[in-house]
Amino acid sequence: MASTKLTKTFSGSGSTTKFTASFWVKRSKIGARQEIIAKWYSGNNNATIRFLDDDTLAFVDYSGSTTILGKITNRKFRDTSAWYHIVCNIDTTQASSDDRAKIYVNGVQETSFASNTVYSQNASISWNNTWGNHIGWSGNDGYFDGSLSHIHVCDGYTYQASAFGSTDSTTGEWKIKTSLSVTYGNNGFFILKDGNSVTDQSGEGNNFTVGGGTLTKTEDNPSNVFATLNPLYGNGSYTFANGNNSLECNNTNNWGITVPATLGATSGKYYWEARQVAGSHTDYNVFSFIQTDYNYTGSNLISSAYLNGIQTHSGGTCTLYIGTNNNNYAKSGGSNISISDNDIVSFALDIDNQKGWIAKNGVWIDDLSGNAGNPTTGANALFTSSTIPSGQMYSPCSIQYYDPKCQYNFGNGYFGTTQISSAGTNASGNGIFEYDVPTGYTALSTKGLNL
């Protein structure tokens, strides 16, 4: 949602003393001010829930030049692989100032604040008035970059986190409560339920509109977190986009600086796809997987870690990396593989049997002896136990040189903002891919890790 905003103007005012907002959020970009839910009238009259540029969370309400609510956490929200459930509520009728505004994260009330200005008793709040209501934007700036799900706003009612979530009795994790007993009020709403619909599910008819950008549905959700590229790595040499599934190099001198995925595995069978996108140069995209027990920051991993993959060149030919060694050109059917812009490279990684395969546009390439690869049967792997040692963790990774672009599909069914053209078969039912997923393989996600 880096340039996407949802808007709604309400026709009548609601409660002046009580309010609750509940939402699930997964960040893609950190270190920047980003709005989540905002009521905006003018620069000095607004109420917002936002991340600040130091990655703290702010729950604020301004009346002119006066801060009538200013709760800013000491806690920083920097985990780009996690979904956070956040609940902010208000009841200014409470006698105790500590009870007039609260923040909950994953079911636990926040109690440590860098700033903690609270409403005076019976103060009038801005949240339920007729000002413009925005999701992912403030009415001024601060686009949110990431994913949002299950956004509830209750006008005139104060609910704790337990109204919207619960602890899983088996895993101990905080999860979405799908059967709710809450009242939304005149200016309340429930949007982004299990998809990208902005139609209000609360029964109040408060539908939003997409006021700019593209609102994309994602398979990644609080109950099943998918791998993405990890923006904490890259040493400042890359630009991340589209939920950290798109990557562009912005430094011609960054050869070897690796961007791993946010998830890795020590066992199981996994499938993912990458697409080369046209850029000023096509030298070089390296699509690969890597052993993850190394320090990534700024180091040249091609010479220091087990990296297996394929490197594209501006001429279209490709170099195969087996372990850390450049193995000249990968052969397929007696000729060099050629990967051009918009070609899709697929990976099948069988950690259990220490094997790996690569496909171009759905066709698995031969091994180095010219034998046809087949991940389903386990035949003729490009990568074997010599470069996939047992007992280690492996993760997809990407390396670029000059300024190419690439897009990854770890199971969301998109390359960038473009939906895949025709979904392949997937026996595991986990993830949506362009090509058929080999039998026994699944997406690299929290669900996939536990299949």
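Please treat every number below as a calculation from the coordinates, not as lab data. None of the values given here were measured: they were computed from a predicted structure. FYI the Cβ positions are ideal-geometry reconstructions off the backbone, even for glycines, and counts take in every protein chain you see.
About its Cα centre, what dipole magnitude does the chain give when the only charges are +1 on Lys and Arg Cβ and -1 on Asp and Glu Cβ, stated in debye to the nearest 20? Before the final figure, lay out the partial values.
Details: 26 positive and 33 negative charges, 104 e Å.
Charge dipole of the chain: 500 debye, to the nearest 20.
Calculate the dipole size of segment 5-212 relative to its Cα centre from +1 charges on Lys and Arg beta carbons and -1 charges on Asp and Glu beta carbons; express the result in debye to the nearest 20. Before the final figure, lay out the partial values.
Details: 18 positive and 18 negative charges, 31 e Å.
Dipole size: approximately 140 debye.
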(request) Taking every Cα atom in segment 5-212, find the radius of gyration and the maximum pairwise distance Dmax, and write them in Å. (result) 15.6, 49
(message) If you split all Cα-Cα distances of segment 368-451 into 5 Å bins from zero, what percentages do you get per bin, shortest first?
(response) 3, 11, 15, 19, 23, 18, 9, 2
(request) Using Cα extents along the principal axes in Å as the read-out, say which of (i) 60, 43, 39; (ii) 78, 43, 37; (iii) 61, 42, 36 was calculated from these coordinates. (result) (ii)
(request) Work out how far the C-alpha atoms of segment 95-225 reach from end to end along every principal axis, then list the three figures in whole Å, largest first. (result) 43, 42, 31
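Using mean Cβ contacts within 10 Å as the protection proxy, how do 145-154, 416-425, 375-384 order, highest first? Display every interim value, and only then the final one.
Working: 145-154: 23.5, 416-425: 12.7, 375-384: 18.5.
In decreasing order of mean packing, 145-154, 416-425, 375-384 become 145-154, 375-384, 416-425.
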(message) Using a 7 Å offset from the Cα along the Cα-to-Cβ direction at both A278 and T67, what is the distance between the two label points in nm, to one decimal?
(response) 5.0
(message) Net charge within 12 Å of Q94 by Cβ-Cβ distance, Lys/Arg positive one each and Asp/Glu negative one each, not counting Q94 itself?
(response) 0
(message) Positive end of the dipole of the chain, charges at C-beta (+1 Lys, Arg; -1 Asp, Glu), about the Cα centre: which of A443, T216, S395 has its Cα farthest in that direction?
(response) T216
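Report the gain in length on full extension from T425 to A372: 0.36 nm times residue separation, minus Cα-Cα distance, nm rounded to one decimal. Don't skip to the end; give the middle numbers.
Working: separation 53, 0.36 × 53 = 19.08 nm, distance 2.08 nm.
My answer for the length gained is 17.0 nm.
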(request) Could you please rank S197, S369, placing first whichever residue has the fewest other Cβ atoms within 10 Å of its Cβ? (result) S369, S197
(message) Placing unit charges on C-beta atoms (Lys and Arg positive, Asp and Glu negative, everything else neutral), compute the dipole magnitude of segment 80-178 about its Cα centre in debye, rounded to 20.
(response) 120
(message) Give me the one-decimal nm value for the distance between modelled label points at S181 and V363, 7 Å along each residue's Cα-to-Cβ direction.
(response) 6.1
(request) State which entries of K18/K39; K5/K217; K26/K405 exceed 18 angstrom in Cα-Cα distance in the structure shown. (result) K26/K405
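In the neighborhood of Y394, defined by Cβ-to-Cβ distances under 13 Å, what is the net charge if each Lys or Arg adds +1 and each Asp or Glu adds -1? Let's see the in-between values first.
Numbers: positive: K269, K355; negative: D293, D350, D352.
With Lys, Arg at +1 and Asp, Glu at -1, the neighbours total -1.
State, as an integer percentage, the relative contact order of the chain based on alpha-carbon contacts under 8 Å between residues 6 or more apart. Don't skip to the end; give the middle numbers.
Working: 1257 pairs, mean separation 68.9, N = 451.
Computed value for the chain: 15 percent relative contact order.
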(request) Excluding residues on the same chain fewer than 8 positions from K355, give the aspartates and glutamates whose Cα lies under 13 Å from its Cα. (result) D367
